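Nothing in this text is a laboratory measurement; each read-out follows from the coordinates by a stated rule. Owing to the predicted nature of the structure, the values given are computational and were not obtained by experimental measurement.
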């Protein structure tokens with residue numbers, strides 16, 4: 001029996017969408033000369049997730065005109081999402097990405113940005129983008145190509161990376177801590193009051209429950225709430241441990257500020 005081999009163009013796949021990798025004015029759908037519909041590109045291509053496309057933009061929209069000024073000359077580190085309109089996983093990720101962007105909007109140390117590769121294909125090509133969604137981070141050391149973010153696309157992983165690895169500081173945020181509650185939010189005060197009389201074992205037990213919740217797939221607001229509560233209890237546990245064992249290493253962290 002004769003065999004047939006079909007030669008297909010090079011595609012970049014993104015767990016539910018297919019986007020041809022092209023550059024310049026051909027990016028990204030002119031290879032076929034037809035609209036990027038399900039009929040043309042196959043059933044794995046979907047239409048945009050409309051409810052996510054209408055969310056308010058809480059990140060910096062990056063393009064050719066502001067790329068170098070914001071990512072290289074500003075002195076800030078940057079965390080950038082490259083996406084395409086018809087990539088369904090990209091649009092599903094947007095709420096978490098925008099939640100992080102809202103937290104660090106106008107941050108003095110980090111930029112949370114995004115590039116629409118439908119509109120700025122050349123910029124995406126120059127940065128080695130081959131799959132969607134693709135998040136990359138940029139520092140003085142890895143400029144100009146940056147490095148790919150390899151962790152989960154969930155809010156807790158994204159926010160933790162910005163805070164711990166990129167040194168993200170929220171603009172205008174004077175942190176809540178156990179010694180001075182002047183700048184604590186109402187939610188933070190409620191948690192401190194609710195667990196104020198709890199012992200170390202009780203707090204650790206609650207932290208384990210929260211750890212399990214954080215491993216589940218939660219929407220961005222839920223992730224923020226669970227993560228915030230966990231951080232406060234972690235701080236309280238450190239203080240209790242330090243008070244139980246005078247001179248313990250935990251004492252040095254007992255007044256650490258909450259960056260939530």
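Points worth noting:
- With the biggest extent put first, the Cα atoms of the range 68-170 measure 33, 27, 22 Å across the principal axes.
- The antiparallel fraction among DSSP beta bridges confined to the range 68-215 stands at about 50%.
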